[in-house]
Amino acid sequence: MTIETYYEVMRRQGISRRSFLKFCSLTAAALGLGPEFSGRIAHAMETKPRIPVLWLHGLECTCCSESFIRSGHPLAKDVILSMISLDYDDTLMASAGQQAEAILTETMEKYRGNYVLACEGNPPLNEDGMYCIVGGRPFVEQLREVAEHARFIISWGSCASYGCVQAAKPNPTRATPIHKVILDKPIVKVPGCPPIAEVMTGVLTYILLFDRLPELDRQGRPKMFYSQRIHDKCYRRPHFDAGQFVESFDDEGARKGYCLYKVGCKGPTTYNACSTTGWNDGISFPIKSGHGCIGCSEDGFWDKGSWYARLTDVEAFGIEANADKVGLGAAAVVGAGIAAHAVASAVKQTRKHDGDEQ
């Protein structure tokens, strides 16, 4: 079993050693690693073979794939053609039907215990899985078969990670997240509807470089991308702390870029890298476009009520108060300041007047 290393592929493509090392430095930065890791990344890419990846599709809308192919750092083409060996993906591959299924079987046998299973979407369990058929059989059967000898498993998006809209109440098909079907394998969840492109390529890059899953939080998400709330690094956060909110879309507060919390933004309870990594090569993200976060990377977001209903119990102002209290408090502080200034001015004027009389 011989697979080219990433460095060998780059050299074959005519990329210089200098450009390769520059790429390693940029990769370290993209993963949030210090400059000292660039040497380790270079060594890994020079010595480690590309990772065979089998990318399955269950119940989903393909938005994860659409996001993935738009990655800018690194480019999706570099990930697919150089960093990993994408041996099966029925959406992107040229072959179809029996030929495609034969490739899947061949890859599983050839790289038994050494491939990565990347799953987009989830399996429906009702009616023996008959609501999602792939290759003439229920998807849940294909999932279990491929997962049996996978080294690592990635749940792409909120569909695979939590169930998403397919599992929304009353969930007639019994759409079920991957980790509730595959119970004996390490799984990394990369939620979002869809996940950020650079988060997806970043997870694959980390697995390639270190031959292990990144450090995960208690929900199984990589901490390097899901350790902070969107709210924590949102550029509108100062308005939130100052009690300056958009009360309705297109009001004066909206035009001034005030916080979207009162029109339903779920940023205070959503963990993701949207406010730091951004979308479309870092150009923007929903809040920057004037729409509140809908919390799509959190479990059960589809069943948590209206996306435009504001959260009622956010305790995140440093003084443990909700938005209304902060707004009133800010007004009270301003009012108290004006009153104090008026009193001080009156006292000063009285003293001056008394001095003049003496």
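Quick look at the numbers
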{"item": "Selection from segment 159-202 of residues that are at pLDDT 95 or above, part of a helix (DSSP H, G or I) and under 20 Å from Val53 (Cα atoms)", "result": "Cys159, Ala160, Ser161, Ile178, His179"}
{"item": "Qualifying residue in segment 27-42 (condition: touching a Cys at 6+ places or on another chain (Cβ under 6 Å), within 20 Å of Glu4 (Cα to Cα) and not assigned by TED's automatic domain parsing to the domain that holds Ala168)", "result": "yes"}
{"item": "Subset tally (residues that are without any contact (Cβ under 8 Å) to a residue 40 or more places away in the chain and either hydroxyl-bearing (Ser, Thr, Tyr) or within 14 Å of Gln228 (Cβ to Cβ) (or both)) for segment 258-277", "result": "2"}
{"item": "Number of positions in segment 228-252 that are surrounded by 15 or more Cβ atoms within 10 Å (Cβ to Cβ) and of a type in the set (Gly, Ala, Ser)", "result": "1"}
{"item": "Residues within segment 111-151 that are part of a loop (DSSP other than H, G, I, E, B), of a type outside the set (Ser, Thr, Tyr) and either at negative phi or not assigned by TED's automatic domain parsing to the domain that holds Tyr162 (or both), tallied", "result": "7"}
{"item": "Pairs with Cβ under 7 Å, 6+ apart, first in segment 60-75 and outside the structural domain of Gly163 (by TED's automatic domain parsing), second part of a helix (DSSP H, G or I)", "result": "none"}
{"item": "Residue check, Ala168 crowded, with 24+ Cβ neighbours inside 10 Å, under 15 Å from Glu60 (Cα atoms) and among the hydrophobic types (A, V, I, L, M, F, W, C)", "result": "no"}
{"item": "Pair list, Cβ under 8 Å, 6 or more apart: segment 115-138 residue without any contact (Cβ under 8 Å) to a residue 60 or more places away in the chain, other residue outside any strand (DSSP E or B) and small (Gly, Ala, Ser)", "result": "Gly135/Ala100; Pro138/Gly129"}
{"item": "Test set (1) among the polar types (S, T, N, Q); (2) surrounded by 15 or more Cβ atoms within 10 Å (Cβ to Cβ); (3) within 14 Å of the chain's Cα centre (by Cα); (4) at pLDDT below 95 - Thr205 fails condition number", "result": "(3)"}
{"item": "Residue satisfying all of: in segment 152-165; surrounded by 23 or more Cβ atoms within 10 Å (Cβ to Cβ) and aromatic (Phe, Trp, Tyr); farthest from Pro214 (Cα to Cα) among these", "result": "Tyr162"}
{"item": "Yes/no for Glu320 being part of a loop (DSSP other than H, G, I, E, B), over 19 Å from the mean Cα position of the chain (by Cα) and at pLDDT below 90", "result": "yes"}
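Condition check ((1) in a helix (DSSP H, G or I); (2) closer than 22 Å to Arg151 by Cα; (3) of a type outside the set (A, V, I, L, M, F, W, C)) across all residues:
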| site | (1), (2), (3) |
| --- | --- |
| Gly14 | no, no, yes |
| Leu33 | no, no, no |
| Ala42 | yes, no, no |
| Ser67 | yes, no, yes |
| Lys77 | yes, no, yes |
| Glu109 | yes, yes, yes |
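Every residue, every condition in (1) under 16 Å from Asp90 (Cβ atoms); (2) buried (at least 20 other Cβ atoms within 10 Å of the Cβ); (3) small (Gly, Ala, Ser), yes or no:
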position: Asn114; (1), (2), (3): no, no, no
position: Cys132; (1), (2), (3): yes, yes, no
position: Arg174; (1), (2), (3): no, no, no
position: Ile182; (1), (2), (3): no, yes, no
position: Lys185; (1), (2), (3): no, no, no
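The values are calculated or read from the model by the stated rules, or taken from the named source; none is laboratory data. For clarity, every value in this text was computed on a predicted model and none was experimentally measured. When we count neighbours, we look across all protein chains shown, and the Cβ atoms used for this are built from the backbone with ideal geometry, even at glycine.
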